[in-house]
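Participant: This is the structure I want to talk about, given as structure tokens.
The values are calculated or read from the model by the stated rules, or taken from the named source; none is laboratory data. As the structure is a prediction and not an experimental result, all values here were calculated from the model. Neighbour counts run over all protein chains shown; Cβ positions are idealised from the backbone, glycine included.
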Amino acid sequence: MSNFESKFRLEIVVIAIFVAFNIWHISLRGIWNPISVIDTLHLSPEVAKAARSLDNNIQSSSKPYDGQYSYVIALDPLLNKKTWVPLLDQPIYRYRRIFYPLLSRILSLNQIKSLPYALLLVNLASFIAGLFIVRKLAQKNKWSSWVGLAFAANTGLIYCVFGSMGEPLGLALGLGGIYSFLEKRLVLSYSLFSLAILTRETYVLIPIAVLSWAVMYENMKIRSALGALVMIVMPSMCWNVFILLRFQNYVIPPYVDQWPASLGRGRFSLPFVAFWQETFFGIMHLTTRMELKRTVSISVVATFACLFSFFYYKKKPSLWGLLALSQALFVSMIRGDIWNYHASSSRQVIPLFLFIYIWMFDELSKVKCSRSFPRQLG
């Protein structure tokens, strides 16, 4: 057995597991079912009925989901009228993720009927941009070109691209921030990180991991790292203040669903405790065998990814390992209606899966194998 095979077979197994899972899971999800751009918005009957006052072509979806909130916020991104706020389940929380709907509204040239197409176009462009950045990282670090599959075959990411959700844009911005940081283009890096957080607040974990690595291994001063983090989160903090001020004299209607009290104290708990409690609850309430397969498969693979990150990082610390570890910690602690709903849970593990992929390709790139290696495998 070659040195490559004996020393790095675990990395190959991990990559194979994630590739197989994502390709198999895509076939189960029915991502391609929507037959029009409007269908990808996943609008509920209530949202569709209200939106038809602006666009007669709007129709409801048989399976409403969070893509509708991007559309609703894009109708009034700066809260000028607040007409559409009652259509949001958690208005203040949803409005934190402003950059994706705001960018789509700008791209639509303020034409309301173009919004569904603008939302999809932003996501498609983000997907291509993310793939391009991964390719640039591969060239910089001499990874195998197959690392692109780590990005392109991410089932949660593909679902979000065609579901009008902000993850594709947020992830592309986060990857751009990482690449710019590695290229010592700090102003650009911090700007991209800030926009990523304005797209999805949990992506603050990416700059935290990058700056932590720089402090521990790149001789960055703690004071400089903290100053950089403040600059990165400042736009999001200012936007949150703006939201609170805009909602200050606005009474949210009582029929707007808020975070259910039945889900417990907050959205986080001890690692893996809430994770499996919620999964078990979901399994007990699923109605079809297909839903059971999707929910159980995501929970099992996510558990494997988290445990792998926790234990393997001690053996092979790296920037990409720390990025994966930070995401694993987040995923293992999150609670609420996450792991009992396959669409939501697959969104939560998008960065975790991607960073583990890249981590493994980075480890494989450090192996000095002989020219006879391909023939050894054959």
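Participant: Among the listed residues Ala50, Ala16, Ala20, identify the single one that is assigned to a helix (DSSP H, G or I) and either touching a Lys or Arg at 6+ places or on another chain (Cβ under 7 Å) or at pLDDT 90 or above (or both).
Facilitator: Being assigned to a helix (DSSP H, G or I) and either touching a Lys or Arg at 6+ places or on another chain (Cβ under 7 Å) or at pLDDT 90 or above (or both) holds for just one of Ala50, Ala16, Ala20, which is Ala50.
Participant: Starting from the range 144-161, take each residue that is outside the structural domain of Ile12 (by TED's automatic domain parsing) and closer than 21 Å to Gln68 by Cβ and list its partners that are surrounded by fewer than 23 Cβ atoms within 10 Å (Cβ to Cβ) and among the hydroxyl-bearing types (Ser, Thr, Tyr), counting only C-beta distances under 9 angstrom and pairs at least six apart or across chains.
Facilitator: Listed pairs, sorted by first residue: none to list.
Participant: When the range 52-61 is examined, which residues are found to be within 28 Å of Ser345 (Cα to Cα) and more than 24 Å from the chain's Cα centre (by Cα)?
Facilitator: Within the range 52-61, Ile58, Gln59, Ser60 meet the criteria.
Participant: Looking for whichever is within 30 Å of Gly227 (Cβ to Cβ), at pLDDT 95 or above, surrounded by 21 or more Cβ atoms within 10 Å (Cβ to Cβ) and among the charged types (D, E, K, R) here; the options are Glu183, Glu167. Which one fits?
Facilitator: Of Glu183, Glu167, the one residue that is within 30 Å of Gly227 (Cβ to Cβ), at pLDDT 95 or above, surrounded by 21 or more Cβ atoms within 10 Å (Cβ to Cβ) and among the charged types (D, E, K, R) is Glu167.
Participant: Consider Ser309 against the criteria (1) within 19 Å of Phe21 (Cα to Cα); (2) assigned to a helix (DSSP H, G or I); (3) modelled with pLDDT under 90; (4) within 20 Å of the chain's Cα centre (by Cα): it satisfies all of them except one. Which criterion is unmet?
Facilitator: Evaluating Ser309 over (1) within 19 Å of Phe21 (Cα to Cα); (2) assigned to a helix (DSSP H, G or I); (3) modelled with pLDDT under 90; (4) within 20 Å of the chain's Cα centre (by Cα) leaves (3) as the failure.
Participant: Check Lys82 against each of (1) surrounded by fewer than 24 Cβ atoms within 10 Å (Cβ to Cβ); (2) outside any loop (DSSP other than H, G, I, E, B) and name the one condition it does not meet.
Facilitator: (2)
Participant: Among the residues of the range 198-225, count how many are without any contact (Cβ under 8 Å) to a residue 24 or more places away in the chain, among the charged types (D, E, K, R) and assigned to a helix (DSSP H, G or I).
Facilitator: 1
Participant: Could you identify the single residue in Leu229, Leu270 that is of a type outside the set (Ser, Thr, Tyr) and modelled with pLDDT of 90 or more?
Facilitator: Exactly one of Leu229, Leu270 is of a type outside the set (Ser, Thr, Tyr) and modelled with pLDDT of 90 or more, namely Leu229.
Participant: Continuing with the same structure: Would you call Trp213 crowded, with 19+ Cβ neighbours inside 10 Å, modelled with pLDDT under 95 and over 30 Å from Val37 (Cα atoms)?
Facilitator: Criteria not met by Trp213.
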